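Taking it in order: structure first as structure tokens, then the write-up.
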Amino acid sequence: MNNSIVILQFSPRNKGNCGTISAFLRDYYGPEKAAEFQIASGVFGPCGHCDYECLKPGVQCPSLTDKEREILDAVCRAELVYFIVPNYCGWPCANYFAFNERTVGYFNGDRQRMRQYMDVKKRFIVISNSEGFEAAMRQQAEQPEILYLKSRAYGKQSIAGDLLDSQEARNDLLRFIAGAHPEESEIVPAENNGLS
Ligand SMILES: Cc1cc2nc3c(=O)[nH]c(=O)nc-3n(C[C@H](O)[C@H](O)[C@H](O)COP(=O)(O)O)c2cc1C
């Protein structure tokens with residue numbers, strides 16, 4: 001199936017901020033157009049347990065699973081991919097780094113595939129009171145466009161997972177989504193998401 005919008009959320013919590021934002025995006029575009037993937041609970045394992053076969057000519061990554069390939073294929077086919085990433089201890093969470101490491105095995109030295117992956121349009125939503133994730137996200141896109149949703153700015157505590165209860169946060173998110181579609185003068189959401 002070729003979903004044109006792919007949503008990757010990296011928190012293990014289904015109903016935390018990342019999960020809620022992922023569902024918001026899915027409803028915004030509509031489930032026929034958007035595919036959601038939760039990259040958590042070992043979906044992507046960190047690299048290791050091998051002799052770096054992925055970096056040797058003609059040798060396949062022995063660790064790449066069918067699920068990992070399915071997700072990375074979906075990214076390559078997408079028109080637009082959203083990454084929703086929580087800050088853990090000042091950095092993107094470990095699930096993001098495991099995903100990023102496995103792309104090396106997925107590319108397997110195939111520069112054309114790497115180029116195809118990098119050329120897919122991507123947007124990044126980071127749940128964090130601080131900034132500075134550009135370098136990490138540059139692994140996915142040369143000039144990453146990042147929305148930092150800062151719980152403190154909305155009078156919230158992020159562990160409550162209720163950032164989108166803030167109308168201001170929803171408006172910031174909706175503006176960021178609209179910014180991904182500059183060619184469309186008016187975005188018509190799949191459902192009324194309450195932009196005011
Ligand atoms: C281990 C851990 C470390 C965290 N460190 C930070 C941090 O350094 N800065 C920050 O703004 N939030 C930090 N947080 C808060 C999370 O980014 C925040 O709760 C976010 O909403 C988690 O995503 P979720 O709600 O989808 O699970 C941390 C959370 C955890 C679990």
Within the stretch 114-134, track down each residue that is open to solvent by less than 70 Å² (accessible area, probe 1.4 Å) and either aromatic (Phe, Trp, Tyr) or more than 12 Å from Phe83 (Cα to Cα) (or both). Met114, Tyr117, Met118, Val120, Phe124, Ser128, Asn129, Ser130, Gly132, Phe133, Glu134
Can you name the residue in the stretch 149-169 that is within 18 Å of Gly19 (Cα to Cα) and open to solvent by 60 Å² or more (accessible area, probe 1.4 Å) and, of all such residues, is nearest to the ligand (Cβ to nearest atom)? Ile159
Test result for Glu68, under 27 Å from Asn87 (Cα atoms), crowded, with 19+ Cβ neighbours inside 10 Å and among the charged types (D, E, K, R): yes
Of all residues in the stretch 87-108, count the ones that are within 10 Å of the ligand (Cβ to nearest atom) and either open to solvent by 10 Å² or more (accessible area, probe 1.4 Å) or aliphatic (A, V, I, L, M) (or both). 6
Of the residues in the stretch 118-135, those that are in contact (Cβ under 8 Å) with a residue 40 or more places away in the chain, within 16 Å of the ligand (Cβ to nearest atom) and touching a strand residue (DSSP E or B) at 6+ places or on another chain (Cβ under 6 Å) come to Phe124, Ile125, Val126, Ile127, Ser128, Phe133
When both residues are 6+ apart or on different chains and their Cβ atoms are under 7 Å apart, which pairs have a first residue that lies in the stretch 1-27 and is over 16 Å from Phe124 (Cα atoms), and a second that is in a helix (DSSP H, G or I) and open to solvent by less than 20 Å² (accessible area, probe 1.4 Å)? Asn3/Ala74; Arg13/Gly19
Where in the stretch 1-105 are the strands (runs of 3 or more DSSP E), entirely inside, with at least 2 residues that are modelled with pLDDT of 95 or more and over 28 Å from His181 (Cα atoms)? none
Which one of the conditions (1) under 13 Å from the mean Cα position of the chain (by Cα); (2) among the small types (Gly, Ala, Ser); (3) farther than 13 Å from Phe99 by Cβ does Gly16 fail to meet, given that it meets all the rest? (1)
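The values are calculated or read from the model by the stated rules, or taken from the named source; none is laboratory data. Remember, predicted model here, so these are calculated numbers, not experimental data. Ideal geometry is used to build each Cβ from the backbone, glycine not excepted, and the neighbour counts take in all protein chains shown. Quick note on the areas: whole protein, heavy atoms, side chains included, nothing else; ligands and nucleic acids left out. Shrake-Rupley method; radii C 1.70, N 1.55, O 1.52, S 1.80 Å.
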